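Step one of this worksheet: look at the structure below.
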Amino acid sequence: MLEINNIRENKESIIGQLKIRNKDFEKLIFEVINLDELRRSAQFKLDNELAELNQLSKKIGELFKTGQHQQANELKQKTALLKDSTKTLKQQLVDSENSIKEILYQIPNVPNKLVPSGNSENDNEVIENYGHTPQLFAGAIPHWEIAKKYNLIDFELGVKITGSGFPVYIGKGAQLQRALINFFLNEAIASNYKEVIPPLVVNEESGFATGQLPDKEGQMYHMQEDNLYLIPTAEVPITNIFRNTLLKEDDFPVKRVGYTPCFRREAGSYGKDVRGLNRLHQFDKVEIVQLAHPENSYAILDEMVAHVKLLLDKLELPYRVVRLCGGDLGFTAALTYDFEVYSSAQQKWLEVSSVSNFETYQSNRLKLRFKNNNNKNQLVHTLNGSALALPRIMAALLENNQSEKGISIPKVLIPYTGFDTINDKE
RNA sequence: GGAGAGGUGGCAGAGUGGUAAUGCAACAGCCUGCUAAGCUGUCAACGAGCAAUCGUUGCCUGGGUUCGAGUCCCAGUCUCUCCGCCA
């Protein structure tokens with residue numbers, strides 16, 4: 001969430017920049033500024049009354065000690081009056097603080113200057129393009145048919161066990177999946193990310209801190225009995241490792257990578273684009289997370305983009321990079337680059353990665369700070385990105401690498417799979 | 001699931017009703033051939049002020065008792081230990 005002091009000091013530019021999201025937040029901003037003024041004046045009055053109360057208490061203590069009970073009792077009556085009025089002021093203070101928080105939850109992050117205006121994904125700015133659509137051989141079939149042909153993934157079996165969107169990977173399908181995970185992890189480790197295996201279940205506080213709650217409550221699986229949530233992305237547990245922490249300047253850069261399954265309810269997205277691996281309730285993902293000094297967080301963002309590019313280059317997949325427009329930008333992000341691979345049998349671009357800078361939007365809720373050179377506590381910038389999400393990579397690999405001879409495995413993966421072709425039905 | 005113990009600053013750790021010791025780390029200044037040590041201050045949030053500074057809050061959370069609560073009472077929550085069950 002945005003910092004109230006920042007809003008107060010830069011309201012004009014914040015209102016202006018938020019317009020890129022195609023929504024006017026002017027009213028909310030002014031409302032929150034007014035509430036903040038109310039809050040401050042209530043606190044000022046309260047502070048003064050409490051100061052007086054403290055003085056009186058001190059005096060009463062001294063009077064009792066020296067045996068002047070009568071005078072003490074007279075003062076006591078005075079404190080009773082003051083106490084009543086502090087109670088109302090305190091209530092005012094708490095009320096205004098709560099209202100401020102409620103409004104702040106409704107205000108998304110301020111888009112970076114680079115974010116283009118636009119309404120939907122159609123207005124995203126293509127930064128880097130593969131150039132041409134890959135050609136395929138004549139008998140190309142979509143990945144769900146390939147998966148069936150070679151018995152790599154069984155979607156119906158998953159329906160039996162759980163429900164739709166929970167596929168079962170089998171034989172070489174499972175091995176290829178595991179190979180990709182290991183490949184992604186090793187590449188990240190080679191780039192100095194430290195691997196973590198976090199919990200797959202998080203509490204309410206963690207959900208709030210990274211911004212999934214209260215915004216996307218319905219997107220997460222919730223275990224009511226224990227009030228815990230299945231993670232929709234490793235971003236949640238990995239970023240929350242650093243909740244309530246104070247870093248030092250020379251702790252930067254903090255780089256973490258983790259592989260986890262991700263669970264998403266995807267409520268309301270039935271019917272469209274859900275065939276095969278395109279949209280699942282459970283999927284695997286390798287996530288990279290960085291904590292950065294505010295001064296160079298955008299250089300770090302570029303570094304993370306470069307990392308993802310390299311992965312796709314090595315996998316020899318046709319891809320493009322797009323900069324999300326205001327209408328498509330996530331609630332908590334200031335700037336996001338999406339990576340899309342071309343799925344040639346479906347003739348579609350599929351999103352496989354999303355790399356974002358959240359600036360202080362998450363760290364404000366996380367209370368994630370560092371002690372800067374002036375010995376002041378300052379909020380850290382948080383960034384994360386998928387590197388990469390597995391299912392659509394798998395889909396693209398199967399579709400793009402098919403030929404009469406079967407599915408060929410990219411060179412970099414062969415040491416991980418132990419086979420270079422899939423051409424039999426096990 | 002049963003029983004017990006506990007939650008204090010960045011960290012460690014005292015504090016049985018009078019307004020958060022002490023140590024370590026960090027930052028600034030002083031001192032000193034250099035380094036180390038030493039001394040002083042700062043070192044959580046919020047508010048008032050141009051500022052020096054001042055005030056308030058802060059001891060897991062929320063209530064309560066009291067002129068005054070880290071300390072007493074009630075409820076909740078989390079952690080640890082032991083027992084039970086179990087990969």
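Once you charge only the Cβ atoms, +1 for Lys and Arg and -1 for Asp and Glu, what is the size of the charge dipole of the stretch A:4-106 about its Cα centre, to the nearest 20 debye?
240
Once the dipole of the stretch A:4-106 is set up with Lys and Arg at +1 and Asp and Glu at -1 on Cβ about the Cα centre, which of A:ILE60, A:LEU38, A:LEU50 lies farthest towards its positive end?
Among A:ILE60, A:LEU38, A:LEU50, the one farthest towards the positive end of the dipole of the stretch A:4-106 is A:ILE60.
Can you pull the percent of the stretch A:121-422's accessible area that's carbon plus sulfur, 1.4 Å probe, other chains left in place?
Details: 6090 of 13180 Å².
Its accessible area is 46 percent carbon and sulfur atoms.
Among A:LYS65/A:LYS87; A:LYS90/A:LYS376; A:LYS45/A:LYS87; A:LYS314/A:LYS411; A:LYS23/A:LYS113, which pairs are too far apart, with a Cα-Cα distance over 18 Å?
A:LYS65/A:LYS87; A:LYS90/A:LYS376
Whole angstrom only: what separates the Cα centroid of the stretch A:169-242 from the Cα centroid of the stretch A:265-330?
Cα centres, the stretch A:169-242 to the stretch A:265-330: 14 Å.
Of A:TYR337, A:ALA306, A:LEU388, which is farthest on the positive side of the dipole of the stretch A:121-422, counting Cα position, with +1 on Lys and Arg Cβ, -1 on Asp and Glu Cβ, and the Cα centre as origin?
The one lying farthest along the dipole's positive direction is A:LEU388.
Can you list the lysines whose alpha carbon is less than 21 Å from that of A:LYS255, not counting same-chain residues fewer than 8 positions off?
Within reach: A:LYS194, A:LYS285, A:LYS309, A:LYS367, A:LYS371.
Which of the listed residues, A:THR233, A:GLN402, A:GLN91, is farthest toward the dipole's positive end in chain A, when Lys, Arg count +1 and Asp, Glu count -1 at the beta-carbon?
Among A:THR233, A:GLN402, A:GLN91, the one farthest towards the positive end of the dipole of chain A is A:GLN91.
Would you kindly find the accessible area of A:ASP250, with a 1.4 Å probe and non-protein molecules such as ligands, DNA and RNA excluded, rounding to the nearest 10 Å²?
Estimated to the nearest 10 Å², A:ASP250 gives 130 Å².
Want the number for A:GLU217 to A:SER191: 0.36 nm per residue separation, take away the alpha-carbon distance, what's left?
Full extension from A:GLU217 to A:SER191 adds 6.0 nm.
Only Lys, Arg, Asp and Glu count, each charged at its Cβ (+1, +1, -1, -1), so figure out the dipole size of chain A about its Cα centre, rounded to 20 debye.
Once rounded to the nearest 20, the dipole reads 800 debye.
Explain nothing, just the number: dipole magnitude of the stretch A:102-241 about its Cα centre with +1 on each Lys and Arg Cβ and -1 on each Asp and Glu Cβ, in debye rounded to the nearest 20.
In total the dipole reaches around 700 debye.
Per residue, what accessible area does the stretch A:277-426 have, given a 1.4 Å probe and all protein chains present, in Å²?
For the stretch A:277-426, the solvent-accessible area averages 35 Å² per residue.
Over chain A, consider all pairs of different Cα atoms and compute the Kirkwood hydrodynamic radius from their mean reciprocal separation; express it in Å, one decimal.
The Cα-based Kirkwood calculation yields 24.6 Å.
The values are calculated or read from the model by the stated rules, or taken from the named source; none is laboratory data. Computed from a prediction, not measured in an experiment: that's the story for all the values here. Neighbour counts are summed over all protein chains in view; Cβ atoms, including those assigned to glycine, are modelled from backbone coordinates with ideal geometry. Ligands, DNA and RNA are excluded from the accessible area calculation, which covers all protein heavy atoms including side chains. Shrake-Rupley method; radii C 1.70, N 1.55, O 1.52, S 1.80 Å.
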